[in-house]
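Have a look at this one before I ask anything.
The values are calculated or read from the model by the stated rules, or taken from the named source; none is laboratory data. The model shown is predicted, which means the values in this text are computed figures rather than measured ones. Glycine also receives a Cβ, built like all others from the backbone with ideal geometry; neighbour counts cover every protein chain displayed. Accessible surface is based on the protein model in full, side chains and every heavy atom, while ligands, DNA and RNA are left aside. Shrake-Rupley method; radii C 1.70, N 1.55, O 1.52, S 1.80 Å.
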Amino acid sequence: MEILLNGTRVAVQPGQTIMQAADSAGVHVPRLCNYPQLKPSGACRLCVVQVKGARGLVAACTTPVAEGMEIETDSPTVADARRDVLDLLVSNHPLDCFHCEACGDCALQDYAYQYGIKEGSYDGARRQVEVDDRNPFFRIDYEKCVLCGICVRMCDEVMGYGAIDFAGRGFTTLVSTPYGVSLDDSACVFCGNCVQGCPVGALVPKSQVGAARAWEMKKVRSVCPYCGVGCAIDVHVKGNRIIKIEGAESPANHTMTCVKGRFGWEFVHHEDRLLKPLVRRADAPRGAVGREWFEEATWDEALAAAAAGIARVRDGVGPDAVAGLSSAKASNEENYLFQKLLRAAVGTNNVDHCARL
Amino acid sequence: MTNSLDEIADANTILIIGSNTTESHPVASLRVKEAVRRGANLIVIDPRPIEVAEAATHWLQPLPGTNVAVLQGMMNHILTTDLWNMEFVDSRTEGFAEFVASLDGRTPEWAASVSGVDAGLIRAAAEAYATAERSTILYAMGVTQHSTGTDGVLTLANLAMLTGQIGRPGTGVNPLRGQNNVQGSSDMGALYDTLPGYRKVNDAAARTALAQAWGVADLPAQPGAAASELPDRIMAGEIRALYLMGENIALTDPDANHTRKALTRLEFLVVQDLFLTETAAFADVILPACSWAEKEGTFTNTERRVQRFYQALEPLGESRPDWQIIVELSARLGYPMPCASPQAIMAEIAATVPQYGGIAYERLGEAGLQWPCPTPDHPGTPILHREKFARGLGRFSAVTFRPSAELPDAEFPFVFTTGRSLYHYHSGSMTRRARPLAEHRPDAYAEMDPATGSAMGLQDGDLIRVTSRRGEVTVPVRLVPGTGSKVIFMPFHFREASANLLTNTVLDPVARIPELKVCAVRVEVAQA
Ligand code: SF4
Ligand code: SF4
Ligand code: SF4
């Protein structure tokens, strides 16, 4: 099947929406309320496009393609309609991008820039809401909310908790927990998938607040270190510190994570981290337990001591008097080397990992 | 898993057994929810009132330790009502007659009398599983951490073969692995009885091939000691030196007091870890390893998907990646390993492990590859056992139900069972050092049925002392409706109230997994 997209012939799949077809053709249609894993809602009206023969503009996220359809995604009419939508949103949005965590990574900011909206032309009252800092995971600032509904649909459609919903009408509409209680006291399980989906700075991980601008962070692809689902993640780093973790696209998780994968990384920087090798003090009594019986050593000293201890038993008693436990958290490469060390360098099958526990 | 995570969403019936899916494998549970929204049946066999149980169309709440009986009752019903898949059984399996004989008398009523589950519910669940176009089984430690864990797994395989619910999309017998690379550790042969690629250590041909690849004369042919056997072997003086890479056995072993005693008996202990764990405190040498964020490599997830992770940080302090430490140590043991990088190690793995033959860093991309992937142009294998089983015909196992090793009695009247909570993980050495998680769920707790609790005059947060034949812990109680009047549950992440001071070390005879899910305890009100 073929359509004419901004004057170019493009092959499309039947059943695709205009937005999906444009995405695969590399044409970006602006959007606020669309998220790949959620059903399209058509709420934000930013994705309107012109379709030859159609009355008025149509929403690209909900309109399916048809054979021979002629589509303009950025005609002057379309651009005017988008400007109206953006103007309304910006008029009711705090323009404090200087110190917004989303600055540089904000769909509203990007589109306002693209369509030349400097400030809103409506000067009615602007929504004013207190920042909600009550849960330990993310900060909620509904003053910045554009009511795209991604968080609400994420919690309902994907997570199945429905911890939050729209409350109120018209100008006073807000996202809220039932009775406005803290998420701590709601059905929320702090997966943070809503935070990742939020296109603006309304939902922000606390670890990011005041820590890094979007353009200062490098994003490194990784895999969650917790359970066996193996969710793909992007680790956001500034100056050798993790700032936040987000879900990445993989067949394992399709950008979703749970609370551990997204918010469970601070152990990496914890003050308890061992930063130097330790060797038991010569005067430590046999079986004495605890930090006080250790002193710091160089790697050379520690490795020599470790090898000497293992070799003494291997050579003195026999290879089967040595055993090793590998780790179900270490990589494939490390597990492979570990068992190779026990089997080839020591000569025993006394190797296992704690899969069973 | 025999099948892939995404297929769960397309199943018509999902049978979850011994898996607290929403808390232990939250992102896998999203597929379960998706299927249920589309109208799938959800059968949950679990003693605790967990979230998936509450969402289930059929919740079977057996006494801990009676999974096998419930499944046998289901299979007995499937046989007597002719809901089994004759074509599949005839063409794909063997051992059917002995299997059928083993179900003699294992009626739903018998299963009900053993497990406490209503016989009608057992029948309904059997029908929902057997008659659906696509039925899938998800299971976790609630099946395996029993002295009869192997029987549990074999019984699940029996059920899938009996109904032909395997080898097709949306079906299968699917273990949800607990730790992020349990699958990979096993694939790589970090096991006492198998070499990399699941070849037995007594397989002479496999040993010769590996010995040649590794440049040694021969490899040991006798199976070694399983992790769960180490404490006893150490106490017997057979094992004198231990090298631990990131395992905190002083907290995660059952009957942890026994393990701690064994650690003091060692002649030499090397611990390689991020933290000075409860276990590291016993060591002679502690080697500081760096976290996953400070190195690169691959993990293999529960659906056999090999995925790359990249280095995000420079190693903190003087810590080093585990692989570098192993290479250094090996050289000092007189066996230099010629491995310059994780990528080079993967090349060696591809050359020596048949299932990983086609795995190479440059092929992995964002989606990774699912093994078996034997050759460089193989696309990977999302579904196992499609045309035939790995061994040819699928073998039915005749299983006899055995009760748990330690059952409640007059002195220890409650069944004690352990598990995970959503916000913490394993020994807690990672999650309890992640501030938001620790803040949100700081404390240990034990769950108890409100009726039982109030009969003892307890309220939420009151301290109780839980005692087994091996130890005792004092912990605040949470009264959770539906827990079951004879059941006490505790998560095992908390060092100040370590559930594993109570648990039983008795092992499954085949898998050598300890019975962490069932022991007998008594409960008393403790003074604050
Ligand atoms: S964090 Fe997860 S559970 Fe909580 S509101 Fe957001 S989507 Fe819902
Ligand atoms: S909080 Fe964010 S995701 Fe939720 S409705 Fe507002 S803008 Fe959209
Ligand atoms: S993010 Fe959660 S579900 Fe995903 S791998 Fe990590 S722990 Fe498992």
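May I have the pair-distance distribution P(r) for chain A, computed from all Cα-Cα distances with 10 Å bins from 0 and rounded to whole percent?
Distribution as computed: 5, 18, 24, 20, 13, 9, 7, 4, 1, 0 percent.
How large is ³J(HN,Hα), in whole Hz, for each residue of segment B:132-144 in order, when computed from phi with the Karplus curve 6.51 cos²θ - 1.76 cosθ + 1.60 and θ = phi - 60°, using x for Gly and Pro?
6, 4, 10, 10, 10, 10, 10, 9, 8, 4, x, 8, 8
On to the next question. What 222 nm value per residue comes from the helices of the protein assembly as shown, counting each DSSP H run with n ≥ 4 as -39,500 (n - 2.57) and dividing by all residues, nearest 500 deg cm²/dmol?
-7500 deg cm²/dmol
To continue, here is another question. Just to confirm the number: angle between the C-alpha axis of helix A:299-316 and the first principal axis of chain A, 0 to 90 degrees, nearest 10?
Around 50 degrees separate the two axes.
Same structure again: Past 28 Å, Cα to Cα, is the threshold; run A:K238/A:K276; A:K52/A:K118; A:K39/A:K329; A:K219/A:K329 against it and keep the listed order.
Over 28 Å Cα-Cα: A:K52/A:K118; A:K39/A:K329.
Applying 1/(1 + (r/R0)^6) with R0 = 25 Å to the Cβ-Cβ distance of A:A288 and A:D315, what FRET efficiency is obtained, to the nearest 0.05?
0.40
Here is a further query. To the nearest whole percent, what portion of all C-alpha pairs in segment A:216-270 is separated by more than 18 angstrom?
So the portion of pairs separated by more than 18 Å is 25 percent.
Shifting gears a bit: Would you kindly give the portion of the calculated P(r) for segment A:170-309 that falls above 26 Å, as a percent of all Cα pairs?
48
For B:L63, what charge total do you get from the other residues with a beta carbon under 15 Å from its beta carbon, if Lys and Arg give +1 and Asp and Glu give -1?
Net of charged neighbours comes to -2.
At 1.4 Å probe size, with no ligands or nucleic acids counted, give the accessible surface of B:M346 in Å², nearest ten.
Result for B:M346: roughly 0 Å² accessible.
What order do you get for A:269-281, B:118-130 when each peptide is scored by the mean count of other beta carbon atoms within 10 Å, highest first?
Ranking, from highest mean packing down: B:118-130, A:269-281.
Can you give the extra length, in nm with one decimal, that the chain gains between B:S485 and B:V510 once fully stretched, where that is 0.36 nm per residue apart less the Cα-Cα distance?
Length difference between fully extended and current span is 5.8 nm.
Over its Cα atoms, what ratio of radius of gyration to 2.2 N^0.38 Å does the protein assembly as shown give?
0.99
Taking the solvent-accessible surface of protein heavy atoms with a 1.4 Å probe, what is the per residue accessible area of the protein assembly as shown in Å²?
Dividing the accessible area of the protein assembly as shown by its residue count gives 37 Å².
Also, quick follow-up: For the pair A:D300 and B:A213, what calculated FRET efficiency results from E = 1/(1 + (r/R0)^6), where r is the Cβ-Cβ distance and R0 = 22 Å, to the nearest 0.05?
That pair, B:A213 with A:D300, gives E of 0.15.
With no solvent and one equal point scatterer placed on each C-alpha of segment A:2-74, evaluate the Debye formula and give log10 I(q)/I(0) for q = 0.19, 0.20, 0.27 Å⁻¹, two decimals.
-0.68, -0.76, -1.40
Once the cut-off is 16 Å, how many percent of the Cα-Cα pairs in segment B:362-415 end up in the long-distance tail?
Of all Cα-Cα pairs in segment B:362-415, 68 percent lie more than 16 Å apart.
Percent antiparallel among DSSP beta bridges with both residues in chain B, to the nearest 5?
Approximately 40 percent, going by the DSSP bridge assignments.
To continue, here is another question. Taking beta carbons within 10 Å but only from partner chains, what does the mean come to for residues B:298-305?
6
Under 14 Å from a point 7 Å along the Cα-to-Cβ line of B:T80: which residues of segment B:110-134 have their amide N that close?
Under 14 Å, as judged by backbone N against the label point of B:T80, lie B:110-113, B:119-124, B:126-127 of segment B:110-134.
Going from the alpha-carbon gyration tensor of segment A:318-357, what semi-axes, largest first and in whole Å, does one get by taking the root of 5 times each eigenvalue?
Semi-axes from the Cα gyration tensor: 18, 12, 5 Å.
Quick one: if the Förster radius is 41 Å, what FRET efficiency do B:E472 and B:S397 give, using the C-beta to C-beta distance and rounding to 0.05?
In this case the efficiency is close to 0.60.
Which value in nm describes the separation of the simple spin-label points at A:R169 and B:E366, placed 7 Å from the Cα toward the beta carbon?
4.3
Compute the distance in nm between two label points, each set 7 Å from the Cα along the Cα-to-Cβ direction, one at A:E216 and one at A:Q114.
2.7
Continuing with the same structure: Where the eigenvalues come from the Cα gyration tensor of segment B:212-293, what are the semi-axes √(5λ) of the equivalent ellipsoid, largest first, in whole Å?
Computed over segment B:212-293, the values are 23, 19, 12 Å.
Let me ask something additional. Would you list which aspartates and glutamates come within 13 Å of B:K261, measuring only between C-alpha atoms, while excluding same-chain residues fewer than 8 positions from it?
Partners found: B:D232, B:D253, B:E278.
Also, I was wondering about something else. What are the aspartates and glutamates whose alpha-carbon lies under 17 Å from the alpha-carbon of B:K388, with same-chain residues fewer than 8 places away excluded?
Cross-link targets: B:E87, B:D90, B:E94.
Excluding residues fewer than 8 places away in the same chain, name every one of the aspartates and glutamates whose C-alpha is closer than 12 Å to that of B:K295.
Leaving aside aspartates and glutamates fewer than 8 places away in the same chain, those within reach of B:K295 are A:E333, A:E334, B:E314, B:D322.
Still on this structure, I have one more. Which net charge results when you count Lys and Arg as +1 and Asp and Glu as -1 among the other residues whose beta-carbon is under 14 Å from that of B:G189?
-2
Jot down the radius of gyration and Dmax of segment A:113-169, Cα atoms only, both in angstrom.
For segment A:113-169, the Cα radius of gyration and maximum Cα-Cα distance read 14.7, 39 Å.
What average count of beta carbons from other chains do you get within 10 Å of the Cβ of residues in B:190-199?
Mean partner shielding for this stretch: 5.
Follow-up question, since we're still on this one. Would you pull out the residues with amide H under 5 Å of B:I45's amide H, same chain only if 5 or more places away, H placed 1.01 Å from N?
Amide H neighbours of B:I45, under 5 Å, 5+ apart: B:I16, B:I17, B:G18, B:L60.
Right, something else. Simple spin-label model, 7 Å along Cα-to-Cβ: A:E67 to A:Q13 in nm?
About 2.0 nm separates the two model spin labels.
What pairs from B:K33/B:K517; A:K144/A:K206; A:K218/A:K260 go past 19 Å between their alpha carbons?
As for pairs spanning more than 19 Å Cα to Cα, those are B:K33/B:K517; A:K218/A:K260.
How big is chain B by Rg and Dmax over its Cα atoms, in Å?
Cα-based Rg and Dmax for chain B come out at 23.6, 68 Å.
Give the ranking of A:V317, B:V399 by solvent-accessible surface, highest area first, calculated with a 1.4 Å probe.
A:V317, B:V399
Restricting things to alpha carbons, find the Rg to Rh ratio for segment B:5-176 using the Kirkwood radius for Rh.
0.93
Using protein chains only and a probe of 1.4 angstrom, how many square angstrom of B:V506 are accessible, to the nearest 10?
Looks like 50 Å² after rounding.
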